[in-house]
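Undergrad: Structure incoming, see below.
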Amino acid sequence: MQTLPFYRAAIPVKTCGFTLFEQQWVGCLLTPWTLSLLVLPGPDQVWSRRTAGERLALQLPCGNVTFMVSEIADVSGQNHQYLSCSLMSPIAPHMSAQQALTLAEQSARMALSLPVVDANAPRNLSRRALFLRGNA
């Protein structure tokens with residue numbers, strides 16, 4: 001990867017914010033070329049085998065997120081599956097290492113955060129009614 005033009009040598013490889021959510025680990029992986037949201041099997045959890053590259057939509061607190069089934073081999077050569085969703089690929093050229101780390105940490109936290117809802121906002125209004133609301 002180091003010879004590719006989008007490789008950012010100053011950006012570290014770092015896992016950020018992994019949290020156990022519904023018995024699975026959810027967090028971010030930052031590398032010198034990408035930022036991804038990952039889902040890994042939780043403790044004592046065995047997933048059914050899926051086809052690598054298959055897409056899978058999951059409902060997270062932040063909303064629906066589409067992941068891709070990915071695989072990595074361990075030192076014995078056995079493949080282990082996980083889910084990945086690219087958040088930024090390649091890493092923005094203007095971003096410093098600290099900015100990239102902060103983004104990775106905040107992205108992991110946001111994935112498991114409930115969306116903010118304004119309790120005072122009117123529901124089911126048309127766009128026209130929304131613009132007329134302040135003039136009534």
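The values are calculated or read from the model by the stated rules, or taken from the named source; none is laboratory data. These numbers were taken from a predicted model, which means no experiment stands behind them. Here the Cβ is made from the backbone with ideal geometry for all residues, glycine too, and neighbour counts use every protein chain on show. When the accessible area is computed, the model is the full protein with side chains, heavy atoms only, and any ligands, DNA or RNA have been set aside. Shrake-Rupley method; radii C 1.70, N 1.55, O 1.52, S 1.80 Å.
Undergrad: What strands (runs of 3 or more DSSP E), lying completely within segment 47-108, carry at least 2 residues that are within 19 Å of Lys14 (Cα to Cα)?
TA: 63-73, 79-88
Undergrad: Please go through segment 64-88 and give me each residue that is touching a Lys or Arg at 6+ places or on another chain (Cβ under 6 Å) and either within 20 Å of Pro115 (Cα to Cα) or aromatic (Phe, Trp, Tyr) (or both), ordered by number.
TA: Residue satisfying the conditions is Thr66 alone.
Undergrad: Taking the residues in segment 101-136 that are under 30 Å from Trp33 (Cα atoms) and exposed (fewer than 10 other Cβ atoms within 10 Å of the Cβ) as candidates, determine which candidate is modelled with the highest pLDDT. Write out each step before concluding.
TA: Going residue by residue through segment 101-136, those that are under 30 Å from Trp33 (Cα atoms) are 101-115.
After this cut, where a residue has to be exposed (fewer than 10 other Cβ atoms within 10 Å of the Cβ) as well, the list is 114-115.
Details: Leu114: 82, Pro115: 76.
Here the answer is Leu114.
Undergrad: Filter segment 23-45 down to residues that are assigned to a loop (DSSP other than H, G, I, E, B) and either open to solvent by less than 20 Å² (accessible area, probe 1.4 Å) or in contact with a strand residue (DSSP E or B) (Cβ under 9 Å, 6 or more places away or on another chain) (or both), then give me how many there are.
TA: The number of residues fulfilling the criteria is 7.
Undergrad: Separate question: The conditions are (1) open to solvent by 60 Å² or more (accessible area, probe 1.4 Å); (2) at pLDDT 95 or above, and Pro93 fails exactly one of them. Which is it?
TA: Condition (2) is where Pro93 drops out.
Undergrad: Here is a check on your reading of the model: is Ala9 over 14 Å from the mean Cα position of the chain (by Cα), exposed (fewer than 12 other Cβ atoms within 10 Å of the Cβ) and free of Cβ contacts under 8 Å to residues at least 24 places away in the same chain?
TA: Answer is yes for this residue.
Undergrad: Let me ask you something else. Identify, from the list Gly63, Gly17, Gly77, Gly53, the residue that is surrounded by 15 or more Cβ atoms within 10 Å (Cβ to Cβ) and on the phi > 0 side of the Ramachandran plot. Show your work before the answer.
TA: Working: Gly63 fails: surrounded by 15 or more Cβ atoms within 10 Å (Cβ to Cβ); Gly77 fails: surrounded by 15 or more Cβ atoms within 10 Å (Cβ to Cβ); Gly53 fails: surrounded by 15 or more Cβ atoms within 10 Å (Cβ to Cβ).
Step by step, each of Gly63, Gly17, Gly77, Gly53 is checked, and only Gly17 is surrounded by 15 or more Cβ atoms within 10 Å (Cβ to Cβ) and on the phi > 0 side of the Ramachandran plot.
Undergrad: Within segment 1-22, restricting attention to residues that are assigned to a loop (DSSP other than H, G, I, E, B) and among the hydroxyl-bearing types (Ser, Thr, Tyr), which residue is modelled with the lowest pLDDT?
TA: Per the stated criteria, the residue is Thr3.
Undergrad: While we're here: Look at Leu60 and say whether it is under 30 Å from Thr3 (Cα atoms), of a type in the set (A, V, I, L, M, F, W, C) and at pLDDT 90 or above.
TA: Taking the combined requirement at face value, the residue does not satisfy it.
Undergrad: Run Gln98 past the list (1) modelled with pLDDT of 95 or more; (2) surrounded by 15 or more Cβ atoms within 10 Å (Cβ to Cβ) and report the number of the one that doesn't hold.
TA: (2)
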